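Remarks on the structure that follows.
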Amino acid sequence: MGFVARCLVVGALLAEIGAGCVGRSTESITGPSRSEQSLQTWIFRKVRRLSNREYNNVVRDLLWDNTQPANAFLDDSYANGYDNGSALLTVQTDQAERYQLAAEQLAQQAVNNHLVQLLGGCIPDKPIPGQVAPSPGNSRPGADGGPCIDRFFETFPQRAFRRPPTADEMARLRGVYRTAAQLGGYPLGIQTTIEAILQSPAFLYREELGVLAEASGQPSTLTPYEVASELSFFLTGTMPDDDLLAAAGEGRLSSREDLRREASRLMQTASAQANVRQFFHQWLATNRLATVTKDPAFYPAFNSALAASMSAELDLFFDDVLWNGSGSLRELFTSTASFADERLGALYGVAGGPGFAPVSLDPEQRKGILTRAGYLTVHSATSHSSPVERGVFLRQALLCTQLPPPPPDVLRLAMMEQPDPSKTTRERFAAHSADPFCHSCHQYIDQVGFGFEEFDAVGAFRTTENGKPVDDSGTLLGTRDADGDFRGVGELSERLLISRQFQDCVVTQMFRFAMGVAETTDDREILGRISNQFSVDQPLLKLVLAIVDSPLFVQRMPEGN
Amino acid sequence: MPAQTIARRKLLQAFGAATFLWPLANRVFADTGSPTKRLVLFMQNNGTQQANFWPQSGFNSPILDPLLSNARIAQKTILVKGVYVPRDLHGTDGNEHDMGFARMFTGERLLSIGGKPWGGGPSVDQILARSWGIDSLALAVLTSAVEPHPKPGYDHRKSFCYFSAGEHKLPLVDPFIVYQQLLPTTETSEAARQRLLLRRSVLDAVAGDLSDLARSLGAEEKRKLDLHLTSIRQVEVRLSRAMEQSQTQCPHPAQPRDYTHTAPQLLINDESDLPELVRIMIDLGATGLTCGLVPIVTMQFGYGGGKWRFAWEGIDMNCHDDVAHHDTSDEGSDPINTDRVVRMNHYYASQVSRMAQALEAVPEGDGTVLDNTLIAWANELGRGDHRQRMVPIVLIGKAAGTVRRGGFVIDQGDQVFNRLGCTILNALGQAREGFGDVTDCGPFPGVL
């Protein structure tokens, strides 16, 4: 089944269940009815273009480049919500041109600064300015190459392609080298060859093709090199390291034990830490702190420096929970331990700075990630706390509920949402509850968002608004297993933690991050098994490993099924 | 030709820029064998102010005055009344902004990806680009103080142009990059020729790799690689262009600042330079069209459902939630709000007019470039409170004679929006009886 076909299947299903507001939550993924052996993935064979973030990471690891050239690339659209190589990423002319310019600059810098490394430590006869002496016995490489050039072709293309190049690919690269070396000697040959490598689809796309099964319609199994790439990009956001590529090449990446071993090793790296942060930021949309703005008429003290502090706090918080703490969803959603600098300390009412230092937040006010200033700031309007925005996001991102769109005439009530200095935000949105027409849907949204009312649009705690007491009582409705009243975000978080729907949703979000596609009902059985083996008290990393351990990680269906 | 010289000088003065060595007009068209017809699409969000958009008497209105007060442009303008977008969610949780934005130029039902609404097929600009074997120039100004990026899950609002179902043609947002692309530095030295040789060698190798990989893929994935391969060939065309500039002068705007590297916030969340960005983009788009560099230009004013503040029009509010949404009747909900909606839309009209006038200023054949162009200005909504009836459609230009006359309003009751795509395709040489999911709607009556 191809991508569009997957979308049409799930679209039809959602249209069917979207007939009313009640019962729109995703169905349970409580596990397979079949044996594990009979489970199969419905992810199709595909190629996944490197995302801009992945491109930056790869050229850092391949070419020692920290300039982040992909920041000047086109701003991609991510259909599955995550910037990790979404299956729909394509290359239009403007992007091909950016790839060309970036490749030329990267290749030139690499040859200027790292020629010996590119040649695998081999030093040609004529010293390059600034380089060490030539290797004895080497002749100056010409258009036909030489030992040092052979060394380059033996090592660099394989690292860049994340697999051995095919004979045809190698022949083309040799051709490019010859043409360039004839014009400008071997450095130009190497430089131009690198340009070709960096624009090749073998570099720009991650291949998830596998070896086609003999039986028609049966899934193919990814090759060890493809598995190495998938593992590395999922866990670390970058190309496989030398050990992983060696494991793939030496037949040590075939069994489940092999995958577990390599996954556990990779999870100890700094790249993995950065990648897990990215997952959290993208799942919770806190990556928007880099550009979020507030209306200065309402929040004059808010600025990009404060937003940067909020983002830095979340980085430290995520790291602390994942790597120093239990790593569980429970800790992520209930912890009062965090970090603050002077700016955030003032907002939180604790002593902070200079620089970031561990702080303990008031458990009556701030328990868990949903109470952190960064989360609250991105999930609010520029001029008010926006219970609707907060409610919608929580239902969609944390409960994986698909909400119906507002009906055509809903905006007749828009006027009431205007700032009114005589009312609290909750009072302004009360008409949503008073009007039965609005209430039918907004009971599932506003009643969640109202629970956040003790926090304004920049995450500051408040007990009054416009001179009136704030009411942070709320009700969670329409879930499979978390319905009930609550007061404040702390109780809302506790309610989420007892919900299997919440847990299933986290599994689904991790699936999207791992696979580069949105799930369909066909994926439910595998996701159910993974969720069955997980709990909110276990380290989130166990969920990561469970996905690696599942059939969907190494199997792909042929297109057309 | 004196007339041409004068007209181009006028255009040059309008751009306030220097002359530039330039290839013969229509060179790219001639290279690719595509016709000299041109297409410009404008996409606007948040609806219009109905009472002030449609002419009440004569052929002008408060909103359209920048366009229709110019008699030459007015004579080549058609307003289409009664256009509606049927409610189509197709398994998504989108709203009317999404439906209008993703469907207007694709014509297809929405495609649900993770429950979000994406265009369900290629947009009309890409259908033509593929048919003509050329690349379009997709432009946008997406800066927004209120919404620097589409809200989570709403990346589908980044572009109304699609290569295929769910696959955006992404717009360029930095005019400096557009300038470099359209007006590359002329390289004629021996070193430059060597560089071109090497680049071609590299691109040939890349094309070979792409072809090999495509052979191992199924149809959908192969299409992705085919698009990449087409892009590589377009890059080769651009490289050749940089080597072959000579002989003829073509006016163009001054080189804009390098926004990405000197002031990226102006492309993201700082609206202080927004009108200037729009102006430069339109001038560059006009340059591409009048100089024969590109036959299709698309211009997007903000994200779908965008939230510009329009401080430059004296409004300085979230003009989506706090202005457009409050326009709850065709007559206007209250005078202050109505005035704001009119000012917003008057601004859009002034920018569309800027493009039309730039094309009208350049003679071509027996007429002007505008006579060989079809400009289609569409809106995701009819009215700001999410109404999708009376969506304002403006057609300008004669499309090389297929549009016979202008200066009137088509007012013949309801017209399904698919007719817009059908009209555009018919006008530009594609025989179609319908467009998108309505296969027999025909074009707007009275246009062709």
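Points worth noting:
- Any hit, segment B:364-373, residues being assigned by TED's automatic domain parsing to the domain that holds B:P55 and assigned to a loop (DSSP other than H, G, I, E, B): yes
- The helices (runs of 4 or more DSSP H) falling completely within segment A:153-259 that include 2 or more residues that are at pLDDT below 95 map to A:167-199.
- Inter-residue pairs, beta-carbon under 6 Å, first facing chain B (nearest Cβ under 10 Å) and in segment A:381-397, second of a type in the set (D, E), 6+ apart: A:T382/A:D295; A:S383/A:D295
- Across segment B:389-440, the number of residues qualifying as modelled with pLDDT of 95 or more, under 16 Å from B:I73 (Cβ atoms) and in a loop (DSSP other than H, G, I, E, B) comes to 5.
- Scanning segment B:417-432 for residues that are basic (K, R) and surrounded by fewer than 23 Cβ atoms within 10 Å (Cβ to Cβ) turns up just one, B:R432.
- In this entry, A:E169 is excluded by the filter for residues that are of a type in the set (D, E), in contact with a Phe, Trp or Tyr (Cβ under 9 Å, 6 or more places away or on another chain), in contact (Cβ under 8 Å) with a residue 60 or more places away in the chain and buried (at least 16 other Cβ atoms within 10 Å of the Cβ).
- Subset of segment B:315-369 that is acidic (D, E) and farther than 30 Å from B:T36 by Cα - its residue that is farthest from the chain's Cα centre (by Cα): B:D334
- For segment A:453-500, residues that are without any contact (Cβ under 8 Å) to a residue 60 or more places away in the chain and among the hydroxyl-bearing types (S, T, Y) total 4.
- Candidate set: segment B:142-162, residues that are surrounded by fewer than 21 Cβ atoms within 10 Å (Cβ to Cβ) and more than 7 Å from every other protein chain (Cβ to nearest Cβ); chosen: the one nearest to B:G421 (Cα to Cα): B:Y154
- Checklist (1) surrounded by fewer than 19 Cβ atoms within 10 Å (Cβ to Cβ); (2) in contact (Cβ under 8 Å) with a residue 12 or more places away in the chain; (3) of a type in the set (D, E) applied to B:D212, failing item: (2)
- Out of B:S231, B:S240, sole residue that is closer than 30 Å to B:D283 by Cβ and facing chain A (nearest Cβ under 9 Å): B:S231
- Subset of segment B:122-136 [of a type in the set (V, I, T), at pLDDT 95 or above and within 16 Å of B:L289 (Cα to Cα)]: none
- Matching option when the condition is in contact with an Asp or Glu (Cβ under 7 Å, 6 or more places away or on another chain), buried (at least 17 other Cβ atoms within 10 Å of the Cβ) and at pLDDT 95 or above, among B:V202, B:V206: B:V202
- Cβ separations smaller than 7 Å between residues 6+ apart or across chains give the following pairs from segment B:105-134 residues that are within 11 Å of chain A (Cβ to nearest Cβ) and more than 13 Å from B:H90 (Cβ to Cβ) to residues that are at pLDDT below 95 and outside any strand (DSSP E or B): B:G114/A:A79; B:G114/A:N80; B:G114/A:G81; B:G114/A:A518; B:A129/B:D135; B:I134/B:T32; B:I134/B:S34.
- If you go through segment B:186-216 and keep only what is under 27 Å from A:G210 (Cα atoms) and within 7 Å of chain A (Cβ to nearest Cβ), you end up with B:A205, B:V206, B:G208, B:D209, B:L210, B:D212, B:L213, B:S216.
- Qualifying residue in segment B:123-141 (condition: more than 30 Å from B:Q255 (Cα to Cα), of a type in the set (G, A, S) and under 14 Å from the mean Cα position of the chain (by Cα)): yes
- Taken together, the criteria place B:V178 among residues that are assigned to a helix (DSSP H, G or I), in the same structural domain as B:I268 (by TED's automatic domain parsing), at pLDDT 95 or above and among the aliphatic types (A, V, I, L, M).
- Whether a residue is assigned to a helix (DSSP H, G or I), touching a residue at least 12 places away in the same chain (Cβ under 8 Å) and more than 9 Å from chain A (Cβ to nearest Cβ) was assessed, and B:R309 does not pass this test.
- Residue in segment B:92-100 that is of a type in the set (S, T, N, Q), surrounded by fewer than 24 Cβ atoms within 10 Å (Cβ to Cβ), modelled with pLDDT under 95 and in a loop (DSSP other than H, G, I, E, B) present: yes
- Looking at B:S123, B:S61, just one residue is closer than 26 Å to B:K169 by Cβ and among the hydroxyl-bearing types (S, T, Y), and that residue is B:S123.
- Considering segment B:86-104, and only residues there that are of a type in the set (A, V, I, L, M, F, W, C) and touching a Gly at 6+ places or on another chain (Cβ under 9 Å), the residue that is farthest from the other protein chains (Cβ to nearest Cβ) turns out to be B:M104.
- Whichever residue in segment A:301-347 is among the aromatic types (F, W, Y) and touching a residue at least 60 places away in the same chain (Cβ under 8 Å) and, among such residues, is farthest from A:R372 (Cα to Cα): A:F302
The values are calculated or read from the model by the stated rules, or taken from the named source; none is laboratory data. Just so it is clear, the structure is predicted and the values come from calculations on it, not from any experiment. Because the Cβ atoms are built from the backbone with ideal geometry, glycine has one as well, and the counts that use them run over all protein chains shown.
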